[in-house]
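Here's the structure, in C-alpha cells; my notes come after.
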Amino acid sequence: MSFQDQVVIVTGASRGIGRAIAAAFAAKGAKVACVATTLANATATAETIGGSARAYACDVSDSASVEVLFEAILADLGTPSVLVNNAGITRDGLIIRMKEEDWDRVLAVNLKGAYNCTRAAAKPMMKARYGRIINITSIIGQTGAAGQANYAASKAGLIGLTKSIAKELGSRNVTCNAVAPGFITTDMTAELSDDFRAHVEKSAPAGRLGTPEDIAGAVVFLAEASSSYITGQTLTVDGGLSL
Ligand code: NAP
C-alpha cells in the first residue's frame, strides 16, 4: 500500500486509461479524486474502484472550473501528492480541412487543461515540498500523424510543459514526467480499422495493442516516492512500436 492515504488526482478518470490509473492508485491505498466532464461518469469509476475515491465533474479546459475543483479536493481529501493529467480528446482531420474550432478544442483540453491543473496543484505541492505530476502525452506527440496535427501539437506541447515544470519545481521535491502511450484499447481507439490493428500487432515487438493497465503501471512507477530522481522525462509505453 505504497500510496496509503495519499491524495491522487486523475483527470479523465471515467473511462479507458484514466479509469485504470485511478483503480491502480486506489488498490495501493490512495484517496483518488476521479475527474471527468460529467459527474455520473466520474461517479461510476469512484464507486467501482472503492476505497476513499471521490468523483468530481470538471471541464479541465476551463480555468475557473479547475480552481473550484481544486478548492473542493483540498477541502474534501487534503493536499494532493500526485496529479495525473490524463484527460484528452481527438478531433481528427487533414490540415486543409481542419476547422479552427477543432484545433482550438483539442489544444484547450489536452494542453491548456494540463496547464490549468498543474498550476492549481503546484502551490500546495510546493508548500508540502512533495509532489508527482504526470502528463499523459502520446507517441504521436513525438512522431506526428497525418490527420492529427491538432492532437500531435497538443501532445508535443505536453512534453515541453513537462520539462519546464520539472525545472521549475525540482528544488521543492516535486517531479514532473510524461508517459507516452502507443495504441491502447479504449474508446479513443475504437474506430481504428482492422487493418491498422493488424499493422500494430505485426510491427510492435510486443505483438499486441496495449491495455489501459499497461499505462497505469508506468504512471504508478513514476509516482512512487522512490522515483524522486526521475524528472522531466517521457516514458514511452508502446510495446516497442516506435523503435
Ligand atoms: P477515452 O477513453 O476517450 O477517455 C477520455 C477521458 O477524458 C474520459 O474520462 C473523458 O471524460 C475525459 N475528458 C474528455 N474531455 C475532458 C475535459 N474537457 N475535462 C475533463 N475530462 C475530460 O481516452 P483514453 O484512450 O483513455 O485516453 C486517455 C489519455 O491517453 C488521453 O490524453 C489520450 O490522448 C492519451 N492517449 C491515448 C492513447 C490510446 O491509444 N488510447 C494513446 C496515446 C495517448 P468524460 O467521460 O466526461 O467524457
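The values are calculated or read from the model by the stated rules, or taken from the named source; none is laboratory data. Every value quoted in this text rests on a predicted model; they were computed, and no experiment measured them. All Cβ positions, glycine included, derive from the backbone under ideal geometry; neighbour counts span all protein chains shown.
Quick look at the numbers
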{"quantity": "Selection status of Gly170, buried (at least 17 other Cβ atoms within 10 Å of the Cβ) and either in contact with a strand residue (DSSP E or B) (Cβ under 8 Å, 6 or more places away or on another chain) or modelled with pLDDT of 95 or more (or both)", "calculated": "no"}
{"quantity": "Checklist (1) within 24 Å of Asn173 (Cα to Cα); (2) free of Cβ contacts under 8 Å to residues at least 24 places away in the same chain applied to Val68, failing item", "calculated": "(1)"}
{"quantity": "Residue among Ala145, Ala114 that is among the aliphatic types (A, V, I, L, M) and either under 21 Å from Phe221 (Cβ atoms) or modelled with pLDDT under 95 (or both)", "calculated": "Ala114"}
{"quantity": "Wholly enclosed helices (runs of 4 or more DSSP H) of region 127-227 bearing at least 3 residues more than 12 Å from the ligand (Cβ to nearest atom) and hydrophobic (A, V, I, L, M, F, W, C)", "calculated": "149-169, 212-223"}
{"quantity": "Unmet criterion (only one of (1) more than 14 Å from the ligand (Cβ to nearest atom); (2) under 16 Å from Thr11 (Cα atoms)) for Ile96", "calculated": "(2)"}
{"quantity": "First in region 206-217 and under 16 Å from Asp187 (Cα atoms), second anywhere and of a type in the set (Lys, Arg) and surrounded by 20 or more Cβ atoms within 10 Å (Cβ to Cβ), Cβ under 8 Å, 6 or more apart", "calculated": "Pro212/Arg19"}
{"quantity": "Members of region 6-47 found to be away from the ligand (no atom under 13 Å from the Cβ) and without any contact (Cβ under 8 Å) to a residue 40 or more places away in the chain, listed by number", "calculated": "Ala26, Ala27, Gly29, Val32, Glu47"}
{"quantity": "Residue that is surrounded by the most Cβ atoms within 10 Å (Cβ to Cβ), among those in region 1-50 that are among the charged types (D, E, K, R) and within 18 Å of Asp76 (Cβ to Cβ)", "calculated": "Lys31"}
{"quantity": "Contacts under 9 angstrom Cβ, first residue in region 179-193 being hydroxyl-bearing (Ser, Thr, Tyr), partner part of a strand (DSSP E or B) and crowded, with 17+ Cβ neighbours inside 10 Å, 6 or more apart", "calculated": "Thr185/Gly210"}
{"quantity": "Leading residue by the ranking (farthest from Arg129 (Cα to Cα)) among those in region 64-78 that are surrounded by fewer than 24 Cβ atoms within 10 Å (Cβ to Cβ) and within 12 Å of the ligand (Cβ to nearest atom)", "calculated": "Ser65"}
{"quantity": "Pick from region 196-243, criterion touching a helix residue (DSSP H, G or I) at 6+ places or on another chain (Cβ under 8 Å) and among the charged types (D, E, K, R), ranking: farthest from Lys155 (Cα to Cα)", "calculated": "Arg208"}
{"quantity": "Residue that is nearest to Ile139 (Cα to Cα), among those in region 79-93 that are away from the ligand (no atom under 15 Å from the Cβ) and either modelled with pLDDT under 95 or among the polar types (S, T, N, Q) (or both)", "calculated": "Ser81"}
{"quantity": "Residue count, region 1-56 (criterion: part of a helix (DSSP H, G or I) and hydrophobic (A, V, I, L, M, F, W, C))", "calculated": "15"}
